[in-house]
Structures are given as structure tokens and as C-alpha cells.
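Worksheet: the structure to be examined is printed underneath.
Every number here is computed from the coordinates shown, using simple stated rules; none is lab data. Just so it is clear, the structure is predicted and the values come from calculations on it, not from any experiment. Note that we place each Cβ from the backbone using ideal geometry, even for glycine, and neighbour counts take in every protein chain shown.
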Amino acid sequence: MEQAAADAPGARSVPVCYRHPERETGVRCTRCDRPICPECMVDASVGFQCPDCVRGGTSASDDTAPTPADTRPRTLAGGTLSRDPRLVTKVLIGLNLAFFLVQLSLGDVFTNQLDLIGRAYVPHLTGIQGLTEGQYYRLLTSMFLHGGYVHILFNMLSLWWIGGPLEGALGRARYLTLYLVCGLAGGALTYLLAAPNQPSLGASGAIFGLFGATAVLMRRLKYDMRPVIVLLVVNLIITFGVPGIAWQAHIGGLVAGIVVGYAMVHAPRERRALIQYGACALVLLVVAVLTLVRTLQLT
């Protein structure tokens, strides 16, 4: 979908990065005015600079010269640039695939111990199971389980297409934090609103969070918003139109992704870490409150 949009006549309305011609960008180096993508952006006192200007623009004898830490290339959100900007995405895909292989090998005996369920008697297990019984780990483990080949195929393709570029823009630590926080938010809303005996599983909540953060990032960079909006609308239609999909996880993850994504890309440099991780902590607090409220309702 995004490729088709890029190929359309007149679709490219912004310049491309001088180091990565395949990447459109609305940001320019404050020294040389060359277009730079998120991977090439280096924080400056005002705006961003390109790596070439950072390396050659300051004399070593200047008393006000920045330290190596100051000139280390950073992502748009302040993360450290890495040689492999998709490493965390690859690890997450690997974990999901590994869990799925274990599911195929062990069957429901394994899945029923880790999926998200509020309170119910579960096949192959003794006694009442669920979050109400203190099994809060299910909020996390259910994010790495899937209900079949089609389910995991679509989720992993979405994770690769959306997550890879977002990881490059945010940096590894911020991207991983965003992913986990959104997944937990989706799980908490599912626990709150779904039937207590209805199991839920999948990475969709976290991936919808990546959709939300991507939309915020594209708006920040003044990219064409139409492709991501169309893709999001299509996914929401599927969410509410296909039976058996936990729409609560999708909506919870999406809202968390927008909130955390906004903090990630709009936080001022001087208070960046405080605002970014403060927003994550706020969402986790909401997750804890929703989980507590639902537990009190069911016990």
C-alpha cells in the first residue's frame, strides 16, 4: 500500500535524505541545510545536524567543543543509533515464532497456562485459573502467543513493516518500552471489558500501539499521513467486522501507542527522558488500576 502511494505521480512531496535516497524526510540539517532522515539526525542546541557536520564542524581546540557523548548520533527521540536499526524487531519476531513453535509442539496444555483469561476453569489445568487468581504474568505472556498460522503471519508481517522503521526512529530502548507498554495496555483493557472466561492471545495490542506511534511520528516529520491512516482504518474495520477478534486489545494498544508515541517524539530535549519514561509510567499506572478494578469486580 505504501509502495503504491510512493509510485503515484506527484506522491513525493518532501525531499529525500542525502545519505539514504530511499527515505523521504521533512527535516534538514541546521548547518548545511541538507535533508536528513531520523537515522541521520544528531541533536543540536537548535534543531538537528547531519553526521558530516557533527564530525567536521568543531575544532578540537575549542574550549566549548562538545564531548563525544554530546556529538554521538542520536535518533529523533534521543536514542542511540545502532548498526542494526531493526535488531529489537528481529528479536521480538524470533520470540513470537519460538513461542508459536512450542504451542504447536505442546498444544493447549502450554497455551492455556499463558494466555490472557480473567477467571475460569481451564481444560488441562486444575482449579480456577486467570488474573483474578494472581496470575498477572498472563498480561505479558499472552502477547507472545498466537491462535494459528494466519494469526501469527499477519502479526509478524505488520511487526516487520511498522516496527522496523519505528525502531530506527526511536532507538532500541524506547522502542522496546513502547512495544511492551502498549501490549500490556491492550491486555488490561481486554481483562476489564471482555467476558472473564474468554481467553485472549496475540501481539496485536502491541502492534496497534506501534501503528499509533507511527502516525504520531509521521505527523511530526510532516510525512504524507494518508497511507498510515488508510492502513489503520482497514485494520480497525477488520477488528470490529471479523468475529473472534479481541477489539479491546487493539483499542487499548492504539491509545497507549498514541500517548507514549507523542511523548517520545515531542518531548523537549532538556526534559526528554523524564517526559518519555514518565508517560510510559503513567500508562502502566492506568494498566495497574484497570487490572485492580477488574480483579475486585470478579472476586
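Some observations on this one:
- Hydrodynamic radius of segment 165-286 per Kirkwood, over alpha carbon pairs, in Å: 14.6
- Under the convention that each Lys and Arg Cβ holds +1 and each Asp and Glu Cβ holds -1, the size of the dipole of segment 74-211 around its Cα centre is about 460 debye.
- Residues with amide H under 5 Å from that of residue 129, placed H, sequence gap 5 or more: 120, 121, 122
- Only DSSP H runs of four or more residues enter the estimate; each adds -39500 (n - 2.57), and after division by the residues of the chain the mean residue ellipticity at 222 nm equals -17500 deg cm²/dmol.
- Each residue of segment 118-133 is assigned a 3J(HN,Hα), and the resulting list reads x, 6, 5, 7, 10, x, 6, 10, 9, x, 6, 10, x, 5, 5, 8 Hz, derived from the Karplus form 6.51 cos²θ - 1.76 cosθ + 1.60 (θ = phi - 60°), x at Gly and Pro.
- Close amide H contacts of residue 145 (hydrogens built in the peptide plane, cut-off under 5 Å, sequence separation of 5 or more or a different chain): 202.
- Summing Cβ point charges (Lys, Arg +1; Asp, Glu -1) relative to the Cα centre of the chain gives a dipole of roughly 340 debye.
- Hull shadow area, averaged, the chain [alpha-carbon convex hull, nm²]: 17.1
- Residue order, fewest to most surrounding Cβ atoms within 10 angstrom, among 143, 218, 41, 225: 225, 218, 41, 143
- Stretchable slack from residue 224 to residue 198, in nm (0.36 nm times residue separation minus alpha-carbon distance): 5.4 nm
- Mean-position separation - Cα centroids, segment 95-109 and segment 235-299, in angstrom: 27
- Screening the chain for whole DSSP H helices with an alpha carbon extent of at least 20 angstrom along the helix axis and a mean Kyte-Doolittle hydropathy of at least 0.5 yields 87-106, 172-193, 204-220, 226-241, 247-266, 272-298.
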